[in-house]
Amino acid sequence: MAQLFCLVKLTQLHDRNWYNFEMTNIISSPSGEKPEYFIPLEEKLEQLANSLRSGQKSLAEWRSGQMAVSAVPGAGKSHSLSVAAAIAIARHQLHPKKQLVVVTYTRSAAASIKSKIRDRLKDLLLPPGGFVVHTLHGLALNIASRHPDLSQLNLDTATLITPTTNHRIIRSCVEKWIATTPSKYKILLEGRQFDGEETERLRRQSVLRTEILPQLAHIVIREAKSSGLLPEDVWELSQKTNDEYEILAIGAQLYQQYQKLTVDRDLIDYDDMILGALRVLEDLHIRQLWQKQVFAVFEDEAQDSSPLQEKLLRTLATDANNPDASPNLVRVGDPNQAINSTFTPADPIYFNWFCEICSDRGRLSTMDMAGRSSQIIIDAANFMLRWVNQQERGGDGERGRGGDSAIEMPFRVQDILPVDPDDPQPDANPKPEGRGLEIYNPYDVYHTVELIKKRAIELLKENPDRNAAILVRENRQGRFLAEQLAILPREHSINVYEVGEVERHSHIPEEILKLIQFLDRPHSPDYLKAALEILEKRSLIATQDLNALATYPEKFLYPTPIDPPQKPHVKQASRYCCSLLRARIELPHYQLITFLGMTLKYTGSELATVEKLAERIYRQIIGNTSLKSIIAALEEIVSSERFEGVAEDADDRYTHPKQITIITMHKAKGLDWDYVFIPFLHEDILPGKPWVPNAAKFLGDFTLSEVARAQIRTAVHTQYQTGENYKSIPQPTDAWEEAAKLKKAEEFRLLYVAMTRAKRLLWISAAQQGPFRWNTFRSDRPNNLQPKNQCPVLPALVRRFPRSAIE
């Protein structure tokens, strides 16, 4: 007997981009088989949901309300989110006037998840509508730009900036603060003790103006502004502290100068977008208009959100007709992969709190099954996570950090589990290569390279369709490895791709600008020091006290016979700078940028970026090729945009077969390789600890910026968790200790991210000897090594996995 089937009929309504859903009866063939087009929609949705793993399925089954999803590495967050989005769009018949908003944190991630949602909708025979995908700042910009009167942002004339410590707006804040508060500046200048010696006074002035105060301004502005604190709020915080330097009071004044200068110069930063959008949504009528257009908000990478960003999403996800109801807000993230809190105000504690709130309401789901790695790699990562938490508790069950729950531990306790045997993921939880986990203890960093080289040749020659990566903590380590492995492409046809080399392209305009500013004003201590920093960074001059060189530019550049003889490394730096000044005289201005690129010994791809920059600059200043106009054009590029270097466009450029990718642990997040090498795991680097540069030790055994960061975070944590204003703020010594704990926790999470990139082999090592500091290390001086202590995780792993220790 023939069967009846339902087909979803989509009728586009005239004059509106809306779709009407109708269920139509269709008679199938007598055999009773269901043609693909005639499968009922609900059945298709059920099939789509059933294609997910048990942990993923709860996301697809979401109907309404608030929900947290805590995922492990490799659990398929993005895939699950795209499936859940498609199901929600179909089930609730969403359209452009009532749509799902999906938020992620990078443009590439936004493009990827948008494509995945469209594919899922295509599988359901539905049109690619009913949703939008934004980066968080893109969403805020969209709201703020539609209501400039409420957002107080004129985006037609404003210039977007990303203020760093070297940005001119930060430097201007510092100079204005010094001019308006000389008494506080004098206290900083004198530090713990000061004998009044003129050379020391000039050195301290240079350090304060070019390093300490710009860093303090940068940290306070970023931490406070992204947490919704105004300068007056930071000033109020400062009244609850009692330190001799009044660190937060100085930070509040620098922040106030910054706000005034950005308004005067019509500049905005990324936090202004969020704040502007929130100002728009304070208007009841406008807020309800936006809320009526939003069915729900799905957020990916929620562990990287700040409280202000969460507030924006929560506001949009609230029902305009029932504001007291739980918002339709789904947040997906992995707090154990929160590795950006040293760069941004994000802190995993916020997402952990959200998970606990949802857990109390039965609205927490965990994606704990992952098919990426071999079982022994999963076991090693799980062991490391629990071991670090145990050490934080003191190793005997006592609480660490003074917290009341696991929320304040470095890691959220959630083990990675292998997928079921019948899981559809191809080659899920693959068989390990060799022992799967290999732990080495080389003699020194050169022996480390030889061991990596030997193992990589074995693996990639036997399996040319697979790939490998070397994950490093610092870019300088990556450059050293790339230099030492340069023979692999020639002798073994194994490509070596150093990601750091490509990523540095975006810094080329800034480096060229600093050198040209020096050429324009060589007797400026600031410009001389900035140029020397570039030369030192590129390993063109020896590492030394640059403040001492920049204090008296004339004596450094043109010493007289009566001046003390310069030391060899000082003389080398002086000659380098003088050669640059001669080029300014001998070369036409339009050739300077290319010349400087060659002087800095840029590689071929970097030189291509320099050529692109030079062409852009000279096209912009045609008819006026003075040094001043070149500087003005470069300043505009550096301050208002991210200059795109010449690089490969393919998204998979990091994971080509028969390639060794050298990449930082931070950059590796979201990627995976068959074989992962993690060398140089020394205690002073990972976990390391906050340190005070020698040039800044006259202020004491802490840095002003890290103390301010810890003090502001304590206040924001208190307000976020309890809703009450901050009653006490840690004093500098306590804040410094708290900063050290935060850094240690994040470094261990970074190691966890690195370990979970491996599929078949995880190779880790800590050489017995290494450089004192990588930023001062020169590979042509192999004797410049010293004994090093292992990262404490390594001995623990050896005790737990003794068969993995390679003699």
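Screening G434 against (1) of a type outside the set (D, E, K, R); (2) surrounded by 23 or more Cβ atoms within 10 Å (Cβ to Cβ); (3) closer than 22 Å to E807 by Cα leaves a single unmet condition, (2). Quick one: in segment 651-704, of everything that is closer than 28 Å to Y105 by Cα and acidic (D, E), which residue is modelled with the lowest pLDDT? Among residues in segment 651-704 that are closer than 28 Å to Y105 by Cα and acidic (D, E), the one modelled with the lowest pLDDT is D651. Inside segment 57-78, can you point out the residues that are part of a helix (DSSP H, G or I) and under 18 Å from Q303 (Cβ atoms)? Matches in segment 57-78: L59, K77, S78.
Matching residues to (1) in a helix (DSSP H, G or I); (2) over 30 Å from N495 (Cβ atoms):
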site: I662; (1), (2): no, no
site: K667; (1), (2): yes, no
site: F680; (1), (2): no, no
site: L686; (1), (2): no, no
site: R709; (1), (2): yes, yes
site: Q721; (1), (2): yes, yes
site: K744; (1), (2): yes, yes
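Of all the listed residues (A320, A325, A338), the sole one being farther than 28 Å from K744 by Cβ, in contact with an Asp or Glu (Cβ under 7 Å, 6 or more places away or on another chain) and among the small types (G, A, S) is A325. In segment 288-315, the residues that are closer than 23 Å to L94 by Cβ reach residues that are of a type in the set (D, E, K, R) and outside any helix (DSSP H, G or I) with C-beta atoms within less than 6 angstrom, at least six apart or across chains, in these pairs: F295/K98; E299/R331; A302/R331; L313/E299. Among residues of segment 181-206 that are in contact (Cβ under 8 Å) with a residue 40 or more places away in the chain, those with a beta-carbon under 9 Å from a residue that is surrounded by 10 or more Cβ atoms within 10 Å (Cβ to Cβ) and of a type in the set (K, R) at least six positions away or on a different chain give the pairs L188/R204; G191/R204; G191/K697; R192/K697; F194/R201; F194/R204; S206/K529.
What residue, among those in segment 339-369 that are of a type outside the set (A, V, I, L, M) and assigned to a strand (DSSP E or B), is farthest from K667 (Cα to Cα)? Filtering segment 339-369 for residues that are of a type outside the set (A, V, I, L, M) and assigned to a strand (DSSP E or B), the one farthest from K667 (Cα to Cα) comes out as S365.
Across segment 582-597, the number of residues qualifying as in a helix (DSSP H, G or I) and surrounded by fewer than 13 Cβ atoms within 10 Å (Cβ to Cβ) comes to 3.
Just give me the residues in segment 565-593 being out of contact with any helix residue (DSSP H, G or I) (no Cβ under 9 Å at 6 or more places or on another chain) and either under 27 Å from L613 (Cβ atoms) or not charged (D, E, K, R) (or both), in sequence order.
P568, H569, Q572, R575, R582, I585, E586, P588
The residues of segment 121-160 that are closer than 28 Å to S78 by Cβ and more than 29 Å from the chain's Cα centre (by Cα), listed by number, are L121, K122, D123, L124, L125, L126, P127, P128, G129, G130.
The combined condition, being at pLDDT 90 or above, within 40 Å of the chain's Cα centre (by Cα) and farther than 30 Å from Y350 by Cβ, is not fulfilled by L81. Scanning segment 756-774 for residues that are open to solvent by 70 Å² or more (accessible area, probe 1.4 Å) and either modelled with pLDDT of 95 or more or under 29 Å from N467 (Cβ atoms) (or both) gives Q768, Q769. Within segment 359-387, restricting attention to residues that are open to solvent by less than 20 Å² (accessible area, probe 1.4 Å) and among the hydroxyl-bearing types (S, T, Y), the residue that is farthest from A758 (Cα to Cα) is S365.
A quick yes/no check of all residues on (1) β-branched (V, I, T); (2) open to solvent by 30 Å² or more (accessible area, probe 1.4 Å):
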| position | (1), (2) |
| --- | --- |
| N495 | no, yes |
| E498 | no, no |
| I508 | yes, no |
| D526 | no, yes |
| A548 | no, yes |
| L557 | no, no |
| Q566 | no, yes |
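The set of residues in segment 780-798 that are more than 30 Å from K431 (Cβ to Cβ) and either among the aliphatic types (A, V, I, L, M) or buried (at least 17 other Cβ atoms within 10 Å of the Cβ) (or both) comprises L785, K788.
In the set (1) modelled with pLDDT of 95 or more; (2) surrounded by fewer than 21 Cβ atoms within 10 Å (Cβ to Cβ), L248 fails one condition alone, (2).
The values are calculated or read from the model by the stated rules, or taken from the named source; none is laboratory data. Everything quoted here is computed from the prediction, not taken from an experiment. Neighbour counts run over all protein chains shown; Cβ positions are idealised from the backbone, glycine included. Calculation scope for accessible area: heavy atoms of the full protein, side chains included, ligands and nucleic acids excluded. Shrake-Rupley method; radii C 1.70, N 1.55, O 1.52, S 1.80 Å.
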